[in-house]
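Values quoted throughout were computed directly from the atomic coordinates according to the rules given, and no laboratory measurement underlies them. Since this is a predicted model, take the numbers as computed values, not measurements. Methodologically, a virtual Cβ is constructed for each residue, glycine included, from the backbone with ideal geometry; neighbour enumeration extends over all protein chains shown.
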Amino acid sequence: MALQQQSVRLVLRNVNGLARGLATQGMAGMGASSVSAEQVVCQTKPVMQAPTAISMATPSSIASGIRASAKASPMSLAPQRSMSVLAASKMVGAGCATIALAGVGAGLGVMFGSLINGAARNPNIAKQLVGYALLGFALTESIALFSLLVVFLILFA
């Protein structure tokens, strides 16, 4: 009986945690973008109610409880799953957009390596090469800033 009460408390705690998490993730797609976490927690209905009277659990009552939760389970998981797919797709998109940062790092390494190589081969034009290298550095860093902008737009917009 104590185990049953602990499982009920665990389920209620998970429902409240899920409601808080969904409220803080921003539910603009669900039409509740201005709802605070406390309002969502207050509006959620617990999946299972705690027993009001202490009674002995019989095998038939346990089986009926399992059947009832199995019937309600697929429909109650649909909104939670759609939100997790949305969050996962945002993370995948942001990860793909950060690949540009690796390209920027590799490009800067090649560019300054070529600058050192060119200055070593022809020291007379080293000052001119530095000017071109700084221009290339600025343009390459603008690509990095643009990709970071795209990442933040994906994650937070």
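Restricting attention to the stretch 117-157, the residues being β-branched (Val, Ile, Thr) and over 23 Å from Ala87 (Cα atoms) number 4.
Scanning the stretch 102-124 for residues that are farther than 18 Å from Leu135 by Cα and among the hydrophobic types (A, V, I, L, M, F, W, C) returns Ala102, Ala120. Taking first residues from the stretch 115-144 that are free of Cβ contacts under 8 Å to residues at least 24 places away in the same chain and surrounded by 14 or more Cβ atoms within 10 Å (Cβ to Cβ) and partners that are of a type in the set (Val, Ile, Thr) and not in a helix (DSSP H, G or I), no Cβ contact under 6 Å between residues at least 6 apart in sequence or on separate chains turns up.
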